[in-house]
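Right, one structure below, let's go through it.
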There are 2 protein chains.
Amino acid sequence: MYDSAMAQVAQVTNGSSEFDRDTAVTLRDPGVPGVYDAELSAGWTILNAVNGGYLLALLGRALGDALPHPDPITVSAYYLTPSAPGPAVIRTETIRTGGTLSTGQASLLQYAEDGTEVERIRVLAAYGDLDALPGDVQTTALPPAIPAPQDCLGPSDGPAPAIPGSSDITDRLDIKLDPATVGWAVGAPSGKGEVRGWFGLADGRDADPLSLLLTVDALPPTAFELGLKGWTPTVELTVHIRCRPAPGLLRVSITTRNLAGGFLEEDAEVWDSAGRLVAQSRQLAKAPLTRG
Amino acid sequence: MYDSAMAQVAQVTNGSSEFDRDTAVTLRDPGVPGVYDAELSAGWTILNAVNGGYLLALLGRALGDALPHPDPITVSAYYLTPSAPGPAVIRTETIRTGGTLSTGQASLLQYAEDGTEVERIRVLAAYGDLDALPGDVQTTALPPAIPAPQDCLGPSDGPAPAIPGSSDITDRLDIKLDPATVGWAVGAPSGKGEVRGWFGLADGRDADPLSLLLTVDALPPTAFELGLKGWTPTVELTVHIRCRPAPGLLRVSITTRNLAGGFLEEDAEVWDSAGRLVAQSRQLAKAPLTRG
């Protein structure tokens, strides 16, 4: 039923979407493999900071070019300093190439006023070929129960989320949240560490392994439903891409089981329109300091 | 009730236990910070390979020495090539030092016959001070239900686990598995992706953040209960240390929700005797190729 809804959205080829334009990387010098220039777009900011999932997709695109395998299978990112819109460079290293998997490292850097490089994010990743994996599926995982998209809530459906600062990223995403998990937006957080919703890119670009790196970090943080407000900076985020996603909207659930000692983990599961679990992620984040 | 049982075990100070002896690292040259020599012990092998959690603890010890903060908060390891007992070197890099967290990188390398270094594992990690974290706990996670240790099964309690090859590590661990999760050992795997049990070090050394890096990768793989046999090589393993563990046995659960495309994730939770969730981990592993 959602496929027909999606079919009405003008399809943007993966090469010309906002997401692809804003995650483009350019090999700096054909004689120097693995070094890429990039421009961090102001269009993917949340709370005035560049979204960590968007940055991860950008790093993922560079690694996909540098490594012999095309698809991210597992990516682990350590966030060092906040990124700002503007020029950036990605330095990659091929650590190991193998038959099934290749392993690489990448750093995203920006420039200080004196021109020196400041590292923003460091990543380790294993890449493979999702189309070459065997077709076996033996799973006990079930997709989250979420009302149909028309019964879920987007930014225009209710009170503005109580997020201070600019959040340009909301214009680029088509997120519809399960009403049961948006109590935080009206001052009544559920106290449960779960947020669920539908995810698409606003211009209708279909999901692929790179955009899944964005998807896992795009919903409002579970901390909001736990009654905390404010910035929830990611320390570490690991994403496993388990399957190439089918066209159509994605279902995403993020959950937190343990908020303690000033940190919380946030687990994301992403399901495609064919009912496959396409991505799993976990991040460790610093808990916001302000009670809602 | 388990505290009294533990009190009967001769206490080994953390400095003289098998675990501490075998994870010792030595700064190679006082003039060259961050490079450590180590000896991979044959005492922590499983299926003739050196256990990945033991290796992670060794890397963790080197990083704890190299970085200004003492405790691993999050550690992400990419396993590149199988390690063998014998000499190794750990090369660390301090990426960023901050007030609450420091971030580092480490590589474990061994030597080829011609003396060249071969990289075994690469790690990114954020270190902090667990004793300096605020005491807030707002958790919905509950410890796994496991029968008392005397009602659980160790290596001497039944049919030998159907693991070919040497598994010297079993002599160094005090693992008692929930009988409901050891069907694989008698040819009747449950089909559920869960293994639960009690964990201690055989010589009675208490847990600390470093030994937790071993604990999360020490139980038989969930793949066995899913009816698969054989080697389940880790591609990536991330551990979050959430709290300093109290003395006494630990409760560990490992679960798999999704086995697909030749890979499975394995999530571990570790609980201490005080009922605190002390570690969470997730790994992506290659599924064994043999049906049980």
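The values are calculated or read from the model by the stated rules, or taken from the named source; none is laboratory data. Small disclaimer: the values here were computed from a predicted structure and weren't measured. Because the Cβ atoms are built from the backbone with ideal geometry, glycine has one as well, and the counts that use them run over all protein chains shown.
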Exercise for the section: Kindly indicate whether residue A:235 is surrounded by 20 or more Cβ atoms within 10 Å (Cβ to Cβ) and closer than 21 Å to residue B:257 by Cα. Expected result: no
Exercise for the section: Check B:61, B:96 and return the single one that is basic (Lys, Arg), farther than 23 Å from residue A:102 by Cβ and more than 7 Å from chain A (Cβ to nearest Cβ). Expected result: B:61
Fill in the blank from the handout: Of (1) farther than 25 Å from residue B:96 by Cα; (2) at pLDDT 95 or above, residue A:52 fails just (1)
Handout entry: Sole residue being touching a residue at least 24 places away in the same chain (Cβ under 8 Å) and out of contact with any Lys or Arg (no Cβ under 9 Å at 6 or more places or on another chain), chosen from A:223, A:185, A:202
Key = A:185
Problem - Some residue of region A:136-150 being surrounded by fewer than 17 Cβ atoms within 10 Å (Cβ to Cβ), among the acidic types (Asp, Glu) and touching a helix residue (DSSP H, G or I) at 6+ places or on another chain (Cβ under 7 Å) - result: no
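Within region B:256-292, can you find the residues that are of a type in the set (Ser, Thr, Tyr) and under 15 Å from residue A:281 (Cα atoms)?
B:256, B:281
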Practice task
Please give the strands (runs of 3 or more DSSP E) falling wholly within region B:244-292 in which 3 or more residues are within 14 Å of the chain's Cα centre (by Cα).
Solution key: B:250-255, B:263-271, B:277-286
Problem - residue B:211 being touching a residue at least 12 places away in the same chain (Cβ under 8 Å) and either surrounded by 24 or more Cβ atoms within 10 Å (Cβ to Cβ) or not in a strand (DSSP E or B) (or both) - result: yes
Problem - Count - residues of region A:110-127 that are over 19 Å from the mean Cα position of the chain (by Cα) and in contact (Cβ under 8 Å) with a residue 12 or more places away in the chain - result: 5
Fill in the blank from the handout: Selection from region A:110-128 of residues more than 11 Å from chain B (Cβ to nearest Cβ) and among the aliphatic types (A, V, I, L, M) yields A:112
Handout entry: Check on residue B:265, of a type outside the set (Val, Ile, Thr) and either in the same structural domain as residue B:23 (by TED's automatic domain parsing) or within 23 Å of residue B:172 (Cα to Cα) (or both)
Key = no
Practice task
Identify the residue in region B:89-108 that is among the aliphatic types (A, V, I, L, M) and crowded, with 19+ Cβ neighbours inside 10 Å and, among all such residues, is nearest to residue A:263 (Cα to Cα).
Solution key: B:101
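Checking the structure you have, find out if any residue of region A:155-174 is part of a strand (DSSP E or B) and either out of contact with any helix residue (DSSP H, G or I) (no Cβ under 7 Å at 6 or more places or on another chain) or modelled with pLDDT of 95 or more (or both). Break it down into steps so the answer makes sense when it comes.
Just the residues of region A:155-174 that are part of a strand (DSSP E or B), to begin with: A:173-174.
Now drop any that are not either out of contact with any helix residue (DSSP H, G or I) (no Cβ under 7 Å at 6 or more places or on another chain) or modelled with pLDDT of 95 or more (or both), which leaves A:173-174.
Looking for residues that are part of a strand (DSSP E or B) and either out of contact with any helix residue (DSSP H, G or I) (no Cβ under 7 Å at 6 or more places or on another chain) or modelled with pLDDT of 95 or more (or both), one finds at least one in region A:155-174, hence yes.
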Practice task
Determine whether residue A:219 is under 15 Å from the mean Cα position of the chain (by Cα) and either part of a helix (DSSP H, G or I) or farther than 26 Å from residue B:128 by Cα (or both).
Solution key: yes
Problem - The lone exception for residue A:77 - which of (1) free of Cβ contacts under 8 Å to residues at least 24 places away in the same chain; (2) over 15 Å from residue B:235 (Cα atoms); (3) in contact with a helix residue (DSSP H, G or I) (Cβ under 9 Å, 6 or more places away or on another chain) it fails - result: (1)
Fill in the blank from the handout: Sole miss for residue B:99 among (1) modelled with pLDDT of 95 or more; (2) under 29 Å from residue A:234 (Cβ atoms) is condition (1)
Exercise for the section: For region B:90-103, state whether one or more residues are under 21 Å from residue A:108 (Cβ atoms) and among the aliphatic types (A, V, I, L, M). Expected result: yes
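Of B:99, B:154, B:115, which residue is of a type outside the set (D, E, K, R) and assigned by TED's automatic domain parsing to the domain that holds residue B:266?
B:154
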Handout entry: Count - residues of region B:235-253 that are more than 10 Å from chain A (Cβ to nearest Cβ) and of a type in the set (Ser, Thr, Tyr)
Key = 1
Practice task
Report yes if some residue within region A:207-214 is on the phi < 0 side of the Ramachandran plot, out of contact with any Phe, Trp or Tyr (no Cβ under 8 Å at 6 or more places or on another chain) and among the charged types (D, E, K, R); otherwise report no.
Solution key: yes
Exercise for the section: Among the residues of region B:129-141, count how many are more than 7 Å from chain A (Cβ to nearest Cβ) and either touching a strand residue (DSSP E or B) at 6+ places or on another chain (Cβ under 9 Å) or among the aromatic types (Phe, Trp, Tyr) (or both). Expected result: 4
Problem - Considering residues of region A:225-243 that are part of a strand (DSSP E or B) and charged (D, E, K, R) only, the residue farthest from residue B:74 (Cα to Cα) - result: A:229
